[in-house]
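Chemist: There's a structure below that I have some questions on.
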Amino acid sequence: MATSVQGYATKTNAGVFSRLSPILRRVPLVMVTVIFTMISARYLSDPVREAAKVGISFTDPGGITVARVGFAGFPLAIAILTFSCLFSPRRLLAGQFLVLTVDGVVTLVRIFGIALDHSTASARLLIPETVLLILSLIAIRLETALRRGQARA
């Protein structure tokens, strides 16, 4: 009875990877769901105070409503969409592309804003946004590989 060290290492690594794959494919969805729910909750509960923290002030009650829609409504909608994709294998890939799209656009707009406004106040957010972009690309790659493998079987 002969054993191969190389065969054992490959089987062990594949086992760990296959157990982590379902988690890695969902991490970006969980992150966006949590982040956007937190943003939404803050701006739903007290938009005036939250906006004032970043230098925005309102002069009209209509402006407060617009802030609730823009700063709370849209993030909440994205959080609901990503949450719903977490539990549906059929919608998992669509959710991952949603995360990639939203985070990619937010990152590009932030970079554009930094360059245009000559302000680095929010530059620190580029690191987590880039990490999320990388994780979403990994998740998409894992999901598409899984689907290709299932289609061949």
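Chemist: Report, to the nearest 10°, how far helix 92-117 tilts away from the longest principal axis of the Cα atoms in the chain, using its own Cα long axis and a range of 0 to 90°.
Modeler: 50 degrees
Chemist: Continuing with this model, one more query. Taking the Cβ of each residue in THR37, THR82, THR101 as the centre, tally the other Cβ atoms inside 10 Å and list the residues starting with the fewest.
Modeler: Taking fewest neighbouring Cβ atoms as first place, the list is THR101, THR37, THR82.
Chemist: Quick one: MET31, MET38, fewest Cβ neighbours within 10 Å first, how do they rank?
Modeler: Going from least to most buried by this count: MET38, MET31.
Chemist: Further, regarding this structure: Efficiency by 1/(1 + (r/R0)^6): what FRET value for PHE112 and THR65, r their Cβ-Cβ distance, R0 = 35 Å, to the nearest 0.05?
Modeler: The pair PHE112/THR65 has a calculated efficiency of 0.85.
Chemist: Hey, rough spin-label estimate for VAL105 and ILE134, points 7 angstrom out along Cα→Cβ, what's it come to in nanometres?
Modeler: Result for the modelled spin labels: 2.5 nm.
Chemist: Return one number: the angle in degrees, 0 to 90 and rounded to the nearest 10, between the long axis of the Cα atoms of helix 27-45 and the longest principal axis of the Cα atoms of the chain.
Modeler: That helix lies at roughly 20 degrees to the long axis.
Chemist: Select from region 56-104 those trypsin sites (Lys or Arg not before Pro) which occupy a DSSP coil region and have at most 13 other Cβ atoms within 10 Å, ordered by residue number.
Modeler: For trypsin sites (Lys or Arg not before Pro) across region 56-104 that sit outside H, G, I, E and B with at most 13 neighbouring Cβ atoms in 10 Å, the list reads ARG90.
Chemist: Taking a temperature of 37 °C and a viscosity of 0.692 mPa s, what whole-number D in µm²/s does Stokes-Einstein yield for the chain with Rh from Kirkwood over alpha carbon pairs?
Modeler: Rounded, D is 183 µm²/s.
Chemist: Compute the length gained on full extension between SER119 and ILE23: take 0.36 nm times their separation in residues and subtract their Cα-Cα distance, giving the result in nm to one decimal.
Modeler: In short, 30.9 nm is gained.
Chemist: Now, a different point. Would you mind computing, in nm to one decimal, how far apart the modelled labels at SER45 and ILE80 are, each placed 7 Å from Cα along Cα→Cβ?
Modeler: Going from the SER45 label point to the ILE80 one covers 2.0 nm.
Chemist: Something else about it: Could you size up the charge dipole of the chain around its Cα centre, putting +1 on the beta carbon of Lys and Arg and -1 on that of Asp and Glu, and report it in debye to the nearest 20?
Modeler: Taking the Cα centre of the chain as origin, the dipole is about 780 debye.
Chemist: To continue, here is another question. Tell me, what is the FRET efficiency for LEU126 and VAL54 to the nearest 0.05, using R0 = 22 angstrom and their Cβ-Cβ distance as r?
Modeler: 0.85
Chemist: Using +1 at the Cβ of each Lys and Arg and -1 at the Cβ of each Asp and Glu in region 40-153, identify which of GLY149, LEU108, LEU76 lies farthest towards the dipole's positive end.
Modeler: GLY149
Bear in mind these aren't lab numbers, they're just calculated from the coordinates by the rules spelled out. All values reported here derive from a predicted model rather than from experimental measurement. Counting neighbours? That spans all protein chains shown, and the Cβs are built from the backbone with ideal geometry, glycine included.
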